[in-house]
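Only one structure is covered here, and it is reproduced in the block below.
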Amino acid sequence: MPELSIAEGFRHSHVMNREQENLIEAIQSSGYKACIVLSGGGSGSIHALLSHPGASRFVCEVQIPYCNRAMTDYLGEALGQFCSEDAAVTMAGRAFERAVMCSLGDDSECPILGIACTAALQTNRDRKGEDRAYICIQARNKQKVHKIEFKTGTRAEQEEELSQAFLETIARFTGVAES
């Protein structure tokens, strides 16, 4: 295989296949609007959602509070642990509140979601706990939490796995993919 420049390698690594494009199109056509918050991983899913035409049909806002202070500012409270089910639920609740605010005055009356992903992926520093992620989706009367445990893999491989799981979780929640 010929050697790629950095820019060519980036483009090559972010090319979606037909199945991914169809999944994203289905999510964007689901009739839902969402505010999304990520921390620690899952950014590939945002790239996929925003690089597909029509992203504004689904995405209202994306926030990525990455450091502890940014997360505390986003949530309005300090959490004991940032990569936990409780953190994902709290983040999704805040994202849902943002979705409500973003939809005020919107005549479409489409259903809204707060979607959160918090992850602890491979790192080069000491950390307690295993490599894992939590995805939480909050709707007006429904909530779903999904945990992912990474057994092995590089950070890039874990990010790819998480981003795909994030999109698939959204697709199942919105009813555009089988549960």
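Which number do you get for Rg(Cα) / (2.2 N^0.38 Å) in region 73-133?
Working: Rg = 15.0 Å, N = 61, 2.2 N^0.38 = 10.5 Å.
Rg over 2.2 N^0.38 Å, computed on Cα atoms: 1.43.
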Exercise for review: For each cysteine in the chain, check whether another cysteine's C-beta sits under 4.7 Å from its C-beta; list those where none does.
Suggested key: 35, 67, 83, 110, 117, 136
Practice item. State the answer as a single residue: which of 32, 55, 68 lies farthest towards the positive end of the charge dipole of region 31-174, with beta carbon charges of +1 for Lys and Arg and -1 for Asp and Glu, about the Cα centre. Key: 68
Check your understanding: With contacts defined as alpha carbon pairs under 8 Å and 6 or more residues apart, what's the relative contact order of region 40-179 in percent?
Key -> 26
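State the three equivalent ellipsoid semi-axes of region 116-179, derived from the C-alpha gyration tensor as the square roots of 5 times its eigenvalues, in descending order and whole Å. Walk me through the numbers before you get to the answer.
Working: eigenvalues 124, 34, 12 Å².
Value: 25, 13, 8 Å, ordered largest first.
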Practice item. Calculate for the chain the 222 nm mean residue ellipticity that helices alone would give, adding -39,500 (n - 2.57) per DSSP H run of length 4 or more and normalising by residue count, nearest 500 deg cm²/dmol. Key: -13000 deg cm²/dmol
Check your understanding: Between residue 97 and residue 19, what is the label-to-label distance in nm when each label sits 7 Å out along the Cα-to-Cβ direction?
Key -> 3.9
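Between Rg and the Kirkwood Rh of the chain, both from Cα atoms, what is the Rg to Rh ratio?
Numbers: Rg = 16.4 Å, Rh = 16.8 Å.
Dividing the radius of gyration by the Kirkwood radius yields 0.97.
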Exercise for review: Under 24 Å Cα to Cα from residue 142, which lysines show up? Leave out anything in the same chain fewer than 8 places away.
Suggested key: 33
Exercise for review: Report, ordered by chain and residue number, the aspartates and glutamates lying within cross-link reach of residue 147, taken as a straight Cα distance under 20 Å and ignoring same-chain residues fewer than 8 apart.
Suggested key: 85, 86, 130, 131, 157, 159, 160, 161, 168, 178
Check your understanding: Hey, which lysines would be in cross-link range of residue 151, C-alpha to C-alpha under 28 Å, not counting anything within fewer than 8 residues on its own chain?
Key -> 128
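If packing is taken as the average number of other Cβ atoms within 10 Å across a peptide's residues, how do 161-174, 34-47 rank, most packed first?
Details: 161-174: 20.8, 34-47: 23.6.
Answer by packing, highest mean first, reads 34-47, 161-174.
Each value in this text was obtained by applying a stated rule to the coordinates, not by laboratory testing. It should be emphasised that the depicted structure is a prediction, and the values quoted were computed from it without experimental measurement. Here the Cβ is made from the backbone with ideal geometry for all residues, glycine too, and neighbour counts use every protein chain on show.
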